[in-house]
Amino acid sequence: MFKTNFRYTNKIVNNLIFIAEARTTIINAPLIPKWEVSLRKDALLRSVHSSTSIEGNLLSLEQVSELADGRDIMVRRKDKQEVLNYIEALEKIPDFAKKPIISINDLLKIHKIIIKGTMENPVDEGKFRNRMVFVVNSATGKTIFTPPSPDEVPKLVKEFLDWINSQEVKEINPVIEAGITHYEIVRIHPFIDGNGRTARVMATLILFKRGFDVKRFFALDDYYDHDRHNYYSALNKVDKNTLDLTEWLEYFTEGVMVSINAVKDKIIGLSKDIKKVKERGQISLNERQMRVVEWIMQNGKITIGDVSKMFNITRQAGLKEMKKLIDLKVIKQKGKGRGAHYILI
């Protein structure tokens, strides 16, 4: 049975208090949909760039953005595939979060998405490792971490996921749960490759599933990539015998604090001195409405035909969707008849 081992130090508690206060500011800030879309896209791009960069990917943030927009760029095939895979994994987090539990099959699917088309042996994609691996310092060639034997992996993963899906974990702060998840996936090292990226996606999934980052504004990987030495140092400070995660969780909660504070500052800057927005407050949109807003931001406009195809609905149903957004003062109609289209206000 998986057991956690850590202490709530002053640093962890203070970090969690600051995180809670910043999150409250973000949730209650007056936002309009196009800002939400922009913040979500920015977080996704930064997460993808940082998480793949940690593992040696050479693409810049600008190149990651181009790939996310569907453009083809001339770069190393593996670098391109890693970025596209990570984008797909992050975009599917809401789908995984809808399930009542996180299963072994879910973990394997996440790994397969992250690693597909990048391994020498495709048979290792979405499969637990069947041989020993070692984490080696690329500069010195010395082994810095030896994970459990492959025979232990299925049992260790099952015990850990049983804990994640237990009632006990619901009493733990979601940020702490995400930090424990991140470390334990790295420690077990269940796969031949892609363990770090899988651990970071799993931590993000935990935060979303627990309702912490439902708007998906936070790019936690940015903090790790900013100082990789401290990231690896924090992971390696955990005693392999006691598995006391206190120092790691001090680092992890600090990373969440820095990331969420950056979002808070950005939102305060967007909201400042905008009387109209303050009067209206936040506009809550459902997933379908957010997709319409995202389409308009990417293409400049949307037509009823676009809406019908997007959701596989009739033109009449598409008109009803557009009327809801017009009533919310999110979009307005331009033109009439066949030339009619909709833009953001």
Gain on full stretching of the segment that runs from residue 88 to residue 165 - 0.36 nm per residue minus C-alpha separation: 25.3 nm
Please determine, in degrees from 0 to 90 and to the nearest 10, the orientation of helix 77-91 with respect to the longest principal axis defined by the Cα atoms of the chain, where the helix direction is its Cα long axis. 70 degrees
Can you work out ³J(HN,Hα) from phi for every residue in the range 289-301, in order, using Karplus 6.51 cos²θ - 1.76 cosθ + 1.60 and θ = phi - 60°, giving whole Hz and x for Gly and Pro? 5, 5, 5, 5, 4, 4, 4, 5, 5, 7, 10, x, 6
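Any chance you could run the full-extension gain for residue 261 through residue 20? It's 0.36 nm times the residue separation minus the Cα-Cα distance, nm to one decimal. Walk me through the intermediate numbers first.
Values: separation 241, 0.36 × 241 = 86.76 nm, distance 1.05 nm.
That works out to 85.7 nm of additional length.
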So what is the relative contact order of the chain, in percent, for Cα pairs below 8 Å that sit 6 or more residues apart? 24 percent
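Highest mean first, what order results for 305-312, 255-262 on Cβ atoms within 10 Å?
On the way: 305-312: 14.5, 255-262: 21.0.
Going from most to least packed, we get 255-262, 305-312.
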With R₀ set to 25 angstrom, the calculated FRET efficiency between the beta-carbons of residue 99 and residue 286, to the nearest 0.05, is 0.80
The chain - mean residue ellipticity at 222 nm from DSSP helices (-39,500 (n - 2.57) per run, n ≥ 4, rounded to 500): -18500 deg cm²/dmol
Note the full-extension length gain between residue 146 and residue 323 as 0.36 nm times their separation in residues minus their Cα-Cα distance, in nm to one decimal. 57.8 nm
Quick check: from the Cα gyration tensor, does the range 285-344 come out rounded (a/c under 1.5), prolate or oblate? rounded
Need the C-alpha centroid separation for the range 99-128 versus the range 34-94, integer Å. 19 Å
Please list the non-local residues whose amide H lies under 5 Å from the amide H of residue 145, H modeled 1.01 Å from N, same-chain partners needing a gap of 5 or more. 135
For the chain, set up a Gaussian network in which alpha carbons nearer than 10 Å are linked by springs, and say which option among 185, 304, 206 fluctuates the most. 304
Can you pull out the chymotrypsin sites (Phe, Trp or Tyr not before Pro) in the range 106-183 that DSSP calls coil and that have at most 13 other Cβ atoms within 10 Å? 134
Write out the chymotrypsin sites (Phe, Trp or Tyr not before Pro) in the range 4-98 meeting two conditions: DSSP loop, and at most 13 other Cβ atoms within 10 Å of their Cβ. 8
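Values in this text are rule-based calculations from the coordinates and carry no lab data. This structure is a prediction, so every number in the text was calculated from the model and none was measured. Neighbour counts are summed over all protein chains in view; Cβ atoms, including those assigned to glycine, are modelled from backbone coordinates with ideal geometry.
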